1. What number of residues within segment B:44-77 satisfy the criterion of being within 21 Å of A:Thr114 (Cβ to Cβ), surrounded by 14 or more Cβ atoms within 10 Å (Cβ to Cβ) and within 14 Å of chain A (Cβ to nearest Cβ)?
2. I need every pair where a residue in segment B:84-98 that is free of Cβ contacts under 8 Å to residues at least 60 places away in the same chain has its Cβ under 6 Å from the Cβ of a residue that is assigned to a helix (DSSP H, G or I) and not aromatic (Phe, Trp, Tyr), sequence separation at least 6 or different chains.
3. In segment A:101-117, how many are part of a loop (DSSP other than H, G, I, E, B) and aliphatic (A, V, I, L, M)?
4. Cβ-Cβ below 7 Å, separation at least six or inter-chain, first residue in segment B:363-378 and surrounded by 12 or more Cβ atoms within 10 Å (Cβ to Cβ), second charged (D, E, K, R): which pairs?
5. Picking from B:Met200, B:Met221, which residue would you name as being in a helix (DSSP H, G or I), more than 21 Å from B:Thr150 (Cα to Cα) and touching a Phe, Trp or Tyr at 6+ places or on another chain (Cβ under 7 Å)?
6. For segment A:157-166, enumerate the residues that are more than 11 Å from chain B (Cβ to nearest Cβ) and buried (at least 24 other Cβ atoms within 10 Å of the Cβ).
7. Only one of B:Gly288, B:Gly317, B:Gly337, B:Gly292 is closer than 17 Å to B:Val369 by Cβ and either outside any helix (DSSP H, G or I) or not hydrophobic (A, V, I, L, M, F, W, C) (or both); which?
8. Among the listed residues A:Leu103, A:Leu5, which satisfies the condition of being of a type outside the set (Val, Ile, Thr) and crowded, with 16+ Cβ neighbours inside 10 Å?
Amino acid sequence: MPSMLESIIQVRHFTAAHHSATVIDDISFDVYRGEVLVIAGRSGSGKSTVLKHLIGLYQPVAGHILIAGRDIATAEEEERTAILKNIGVTYQMGALFGSMTLLENVRLPLEEYTDLPPEAMHLIVRMKLKLVGLETFMDHVPSELSGGMQKRAAIARAMALDPQILFLDEPSAGLDPITSAELDQLILGLARNLKMTFVIVTHELASIYAIADRVIMLDGQTKKIVATGRPQDLRHTSTNRWVRQFFNREASEEVSG
Amino acid sequence: MTLATATQMAGSLTVHRTGENGTLTLVLAGRLDMNSTGSIWRDTQRVLQEQPTVQVVVEASGVSYCDGAGIALLVKLQQYQASLGSALTISGLQEEFRRLLDIYGQISIVPPTGPHREPVSLVEQVGKAGEGLWHDIQVLLTFAGELALTLVRAARHPHLVRWRDAWLVAEQAGVDGLPIIALIGVLLGLILTFQSAIPMRRFGADLYVANLLGLAMLREMGPLITAIVLAGRSGSAFAAELGTMKIREEINALSTMGIEPVRFLVLPRVLAAVTMTPLLTVFANAFGLIGGAAVMVPLGVPLVTYVNQILSAVTVGDLLGGLFKSLVYGIVVASIGCLRGLQTSTGASAVGRATTSAVVSGIVLIAVVDGIFAVLFYALGL
């Protein structure tokens, strides 16, 4: 974790609901510049819901989410675009455009938001694809790539505009352990070398241990944050039995008993 | 740096030529980011092309921020000078940006090789198209065989059919399609009658327009418009529905559960279409004749005369022949819709292609089957 704690995202008294059922109940936390923050929890605990609010897809029922001091939910069109240019998002299934090559996928945000000459865009796209190890695949369409490659290409697209914050939704879902570990290395490399801030939703324990500076644990029953801290610390010292179970990969009693 | 500084101090370029040997110094300052690098990029390109120089120095101590676009500019300058066999020195770049340059900088000048798409000759195109058509016919025959076997099995064991799905599809393809069938039927009757009544009136034969309309609607137009509307409404829907299931791997899930997709998905749809098409055709015929009456009565032909004229011209055989044709059209349209859905490859555009193909193939096959019926009916003297 960076030594200087500068908060880049502030979540305050945030409540989320889905069809009038509360999913997240009055939670507050900060994301610090340059850290890799993992939002973890069991399936259905609202991890992806939190992420979708952070990136402005959904509006909070109550509370505020400030990204670099601006509230994405209430921002005007222009301000909202400025915020969105500064964040990159990858989705669970990659969400690459199937009819476009990797080159075109990564170039799209550059074409939409900058006035760079085509030659410059081409070079930037190649730089980004090289960073994720896909430079030689830039003329392929997503369906010609493996799942891990698609995830990496999605990260390259999310990074096209050099955002300060990258949001990744289940980056290692459906990947084998080796590919998943390679993806973890990529994320760590980007965080350390490019000083990017990562907010990652995952429940892959191996990934959490490998990349997380800090973990926020959500509980689907209380709909609140049950623990925050370094994964190694939570594993041993958490007072919450359920959190210890999660980090030690134990089944809950209803299931095992 | 917060987002607020993004607008501060846009990047700038100043050019100096110094020394006797003509060293070109490009002074870069401010923010080299996605927003400001575009104009600087164009300026540097112009300067370097106008004044090709052996020694170029980039003075970058004034650069306060540099993202991928700024690094790309530096990489481009390095590559451009290297291609001329000239030197480039970057001085004063902050340590963190120099590290970025090291990370990003090793981009080869040689463009990467992608999958090569060579132009295909006309002969090869024709050959491939022919091969594709032959393959398509084979698939169609296989599918027809599989469907026929499933139908036979379903006739022996009716509980194998998902009747609830069949009812639902029957409602969507049949009842919900009635208004459009009625509208098109009336309009077609109106137009046919009007177009033929005017010239035939010159011969005093306008009464026989009723005969013409009755025969045309019952034998040909009624079944045909019903089938085309069915292809557009339901064939496409079947293809889109099954295609989406295919790309979501639901079809694979069915197969691995030991449930044949043809029985589970295709059979209810085909059964529903087969029962609904003749019924819709009856309505299409009736509305077509009503449309005809709407023209004939104002032209001075009493309604009773119009009806009697039709009854004298058409036989039960004409009606049943038309209905039989519509039944076959129903099978064709529903089957091809389902087949195209099951053939869907991957990706969102594949569903679109499957849907288009379902409608186009459906209409083409309707025309082909209609032609076969025309010959068949003639040979049988019907």
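1. Number of matching residues: 15.
2. B:Leu88/B:Leu77; B:Leu88/B:Gln78; B:Leu88/B:Gln81
3. Of the residues in segment A:101-117, 1 are part of a loop (DSSP other than H, G, I, E, B) and aliphatic (A, V, I, L, M).
4. B:Phe373/B:Lys325
5. That would be B:Met200, the only listed residue that is in a helix (DSSP H, G or I), more than 21 Å from B:Thr150 (Cα to Cα) and touching a Phe, Trp or Tyr at 6+ places or on another chain (Cβ under 7 Å).
6. Across segment A:157-166, the qualifying residue is only A:Arg157.
7. B:Gly337
8. A:Leu103
The values are calculated or read from the model by the stated rules, or taken from the named source; none is laboratory data. These numbers were taken from a predicted model, which means no experiment stands behind them. Note that each Cβ is placed from the backbone with ideal geometry, even for glycine, and that neighbours are counted across all protein chains shown.
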